[in-house]
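The values are calculated or read from the model by the stated rules, or taken from the named source; none is laboratory data. None of the values given here were measured: they were computed from a predicted structure. We place every Cβ from the backbone using ideal geometry, glycine too, and count neighbours over all the protein chains shown. Accessible surface is based on the protein model in full, side chains and every heavy atom, while ligands, DNA and RNA are left aside. Shrake-Rupley method; radii C 1.70, N 1.55, O 1.52, S 1.80 Å.
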Amino acid sequence: MSTFAELWAQLAPVGRDPGTGGYLRYAYTPAEALLRDWFLDQARGRGLAVEQDGNGNLFAWWGDPAAGDAVLTGSHLDSVPHGGAYDGPLGVVSALLAVDELRARGFAPARPIGVAVFAEEEGSRFGLACLGSRLFTGAVDPNAAAALTDRDGVTLAQAMGAVPAGARPDLLARLGCYVELHVEQGRALVDLDRAVGVATAIWPHGRWRLDFRGEANHAGTTLMADRRDPMLTFAATVLAADAEARRLGAHATIGRVQVAPNATNAIPSLVSAWLDARADAPDTMEAVVAAVYDRAQAHAREDGTKVSLTAESVSPETEFHVGLRDRLAKVLDGAPVLPTGAGHDAGVLSALLPTAMLFVRNPTGVSHSPAEHASDADCEAGVRALADVLQELAC
Ligand code: GLV
Ligand code: MN
Ligand code: MN
């Protein structure tokens, strides 16, 4: 039986950028393929039968899933650009080790237990967060998804080698509940002095693309009065997003920008920027996006530019199943319950079946960055907690 440290060490080098220490594990790239192969080996080594759903998602089964009312756990293996090691893989590794732990306890599940790997959870390659679970549950049209492109113009269908299968009601019907373990993306558990917590809710969140269009021209010869510079409108919009989020008690981030022609000595013709907005209520999130767009349009009028807004990935508020959450907190000796501003496949699945999440303490509180961390001792506590939960649900 592998220890947490042994299994974790196998993943550590895969897709790691030696310069930043962060991970580049985008969906359907060689690094992610290595992780998927590793998962298939791990499943095989445990005698778990693996199913694929035609949407890039993998399911490894202990017991016959056709029996129904299955208890599903797992997470994702892809990362954000230069992301941390734990966001996603911790849930997959912990799920495999929880199966080992339950077998070592001599537990014989009365319900099938599945370990899932969901594809493109971060949406780092094709822009739509939780793409694998959205396809699986029918929340996104497979033909529309097939046409999504990455930064090099490669479509999802090309990357997958096929149009995704889309909704799999046959597979969904066999699931009784889903529990995803995840590294905490904040410092609540540090402050509470607890290794493991239970999620209550996910904030509504989304990504919008802002395209600022102006006029490309010479940096040296164009009079300041004659310019139509979309970079100015973009810059003012970044400040507006920060101000509006603070004013409304929400979160807004512009963390990605693309400039054309991206030349030092030319005024740009186009600046595209991605706004990530989140709040504790949908109205607040929508108000932030509307206010940012209003202010962007006002700046565009002053700058002689144009701006448009396109929603690329919007996720509604998720309230996790209260009965399941309370049952988990009780099994885990009154584990604290906390909300999160981060998105998860559990949020997508919660629209269709009872769903819950466990969080493992992150002493840095940092996530989507190489500084993301959890101690081996806390990860082992997470494995035991997940095993306790699976034992409670599958008996
Ligand atoms: C994914 O982790 C997200 O919250 O964007
Ligand atoms: Mn993430
Ligand atoms: Mn994640």
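Quick look at the numbers
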{"quantity": "Residue check for Pro81: surrounded by fewer than 22 Cβ atoms within 10 Å (Cβ to Cβ), in the same structural domain as Leu175 (by TED's automatic domain parsing), in contact (Cβ under 8 Å) with a residue 40 or more places away in the chain and under 17 Å from the mean Cα position of the chain (by Cα)", "calculated": "yes"}
{"quantity": "Strands (runs of 3 or more DSSP E) contained entirely in the range 280-371, each with at least 2 residues that are open to solvent by less than 50 Å² (accessible area, probe 1.4 Å), away from ligand 3 (no atom under 16 Å from the Cβ) and modelled with pLDDT of 95 or more", "calculated": "306-315"}
{"quantity": "Any chance Gly127 is within 16 Å of ligand 1 (Cβ to nearest atom), at pLDDT 95 or above and outside any helix (DSSP H, G or I)", "calculated": "yes"}
{"quantity": "For Val163: the one exception among (1) within 24 Å of the chain's Cα centre (by Cα); (2) in the same structural domain as Ser369 (by TED's automatic domain parsing); (3) part of a helix (DSSP H, G or I)", "calculated": "(3)"}
{"quantity": "Of residues in the range 376-395 being small (Gly, Ala, Ser) and open to solvent by less than 40 Å² (accessible area, probe 1.4 Å), the one farthest from ligand 1 (Cβ to nearest atom)", "calculated": "Ala394"}
{"quantity": "Strands (runs of 3 or more DSSP E) enclosed by the range 8-77 - at least 1 residues per element that are away from ligand 2 (no atom under 16 Å from the Cβ), surrounded by fewer than 18 Cβ atoms within 10 Å (Cβ to Cβ) and touching a residue at least 12 places away in the same chain (Cβ under 8 Å)", "calculated": "49-52"}
{"quantity": "Matching residues, the range 339-359, being of a type in the set (A, V, I, L, M) and more than 14 Å from ligand 2 (Cβ to nearest atom)", "calculated": "Leu349, Ala351, Leu352, Leu353, Ala356, Leu358"}
{"quantity": "Subset of the range 258-279 [more than 19 Å from the chain's Cα centre (by Cα) and surrounded by 15 or more Cβ atoms within 10 Å (Cβ to Cβ)]", "calculated": "Val259, Ala266, Ile267, Pro268, Ser269, Leu270, Val271, Ser272, Ala273"}
